[in-house]
Amino acid sequence: MSGILDKIYANSPLWLQNLGMSLYGLIWRNRRFGGNFPKYVKDFGAREEFTFEDWQDYQNLQLRKLLNHAVIQVPYYRNVFEKKGVKDIVNFDIENLKELPFLEKESIRSNPEDFIAGNAFQHQLHAYNTSGTTGTPIAIKFSNDMHRFWSAAYETRVRRWAGVNYKLSRAMIGGRLVVPDARTEPPFWRYNAAEKQLYMSAFHISPRNACHYVNALNKYLPDYLVGYASSHFFLARMIVEQKLEVIHPKAVLTSSEKLTSEMRSVIEQAYGCEVFDAYSGVEACCLASECEHHRLHVSPDVGIIELIDEDGNPVPPGVPGEIVATGLLNFDQPLIRYRTGDIAIWSDKPCPCGCAMPVLEELVGRLEDTVIGPNGQETVRFHGIFVGLSHVCEGQVIQETLSRFRVRLVVHPDFNEEDRKIIMDRFVQRLGPIQLEIELVDEIERTERGKFRAVISKVDRKSLNT
């Protein structure tokens, strides 16, 4: 059904696309902010006064509720607990988590229904695809109430900490293909009137187009900006380089990639406001966000976070470790000891804000090479290239030149010409006419931490005449 709607959207006039965006925004707004959302916001706010001991007690209680639910309702965990001989859930606490195995993404990808709770109303669950930066995306499912729970966490710990709220207008740079082709003329955005949201394409940001993006921002006057850290950085850098006059929003909220000090500085220079970074994911099993001192606090009521080394052992503060998350919100599709593949470092320094939530010193992972299109547009994370392609196990994008790309794929035996055509069409939609070579391989080389680079660009931006 979504494919049909995408085709209708792509072939509709601009006014109808904006109307469609607004109607969808109305549905989306109710899904996130209806029902118990105000109560959940109040509860998240109240827990910010918790002491370290309060957080320990809270997490242990929520963990026992989650495990009791999982062993009764979720086939995968029923089997895991039986094999591990876990029986005493009443006294189970965070220290006992090491008795349970890590959850790999491939386990969810291979047997998705084994992770859905038996008492969940399946027809009321919504599926959300992960970005698939290390392979085929996985579908995460949760109900409207769970979505409101998660939205309340974001509202309380991200927006409010940055001095904004969901009722204000915003401009978004994200991975949705709101502009359905690699057009060279504006508008490179669509407007969602239901949420006062200007949604700007991440795929058309280039030195030539920067002034058009600025004109849109100056026209719609969003109260704050949100979206991919790197995309906001690319646009901000062009604004500074071209000395363009742009609005000063209340804040810029970044996510999805590592925000470097250079990126923060350039964005703040361009927009004259503070940048607040956050880390989360479609899986909704962990959240870290910046307080007024720009220290990155983990929200213990969203998930239990472990940082582990290559052998699966916890790392001390100051040492990089992979983020393993046990989500405390989603009982529809529980994720227990889920390996995110992202790398972070614990801090041992208290935060001046006085909050007892743990602090991450740094997010090490999630900064990927950028794809630079023929027109100079810079795009990160090539979101959507492999989404929905069930015959693609893993995929890697390699940019050889501005117009020549290579895709390396690990595929199922049923991979066919239709799959090739879809991949080619998606490249053209995002970049315009390019040369693309698709290479089928047995495996994609891993880094020392077991990951592979999803995007490799051999184009040196400094050598380009912008």
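The values are calculated or read from the model by the stated rules, or taken from the named source; none is laboratory data. This is a predicted model, so every value here is computed, not measured. Glycine gets a Cβ as well: all are built from the backbone with ideal geometry, and neighbour counts include every protein chain shown. Note: accessible area is taken over every heavy atom of the protein model, side chains too, but ligands, DNA and RNA are not part of it. Shrake-Rupley method; radii C 1.70, N 1.55, O 1.52, S 1.80 Å.
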- Condition test on residue 98, is it touching a residue at least 12 places away in the same chain (Cβ under 8 Å) and open to solvent by 80 Å² or more (accessible area, probe 1.4 Å)? no
### Query
Quick check, is residue 59 open to solvent by less than 60 Å² (accessible area, probe 1.4 Å) and either of a type in the set (Gly, Ala, Ser) or at pLDDT below 95 (or both)?
no
Of the residues in segment 336-352, those that are small (Gly, Ala, Ser) and at positive phi come to 341
Requested in this report: Considering every residue within segment 312-331, establish whether at least one is buried (at least 22 other Cβ atoms within 10 Å of the Cβ), more than 28 Å from residue 80 (Cα to Cα) and aliphatic (A, V, I, L, M).
Outcome: no
For residue 428, the lone unmet condition from (1) surrounded by fewer than 20 Cβ atoms within 10 Å (Cβ to Cβ); (2) at pLDDT below 90; (3) part of a strand (DSSP E or B) is (3)
Subset of segment 268-310, residues open to solvent by 10 Å² or more (accessible area, probe 1.4 Å), of a type in the set (A, V, I, L, M, F, W, C) and at pLDDT below 95, comes to 282
With the first residue restricted to segment 55-66 and required to be basic (Lys, Arg), and the second required to be at pLDDT 95 or above, Cβ contacts under 9 Å at 6 or more apart or on different chains are 65/328; 65/331
Residue set 167, 87, 105, 141; condition over 24 Å from the mean Cα position of the chain (by Cα), open to solvent by 20 Å² or more (accessible area, probe 1.4 Å) and charged (D, E, K, R); output residue 87
Being on the phi > 0 side of the Ramachandran plot, at pLDDT below 95 and open to solvent by less than 10 Å² (accessible area, probe 1.4 Å) narrows 174, 227 down to just 227
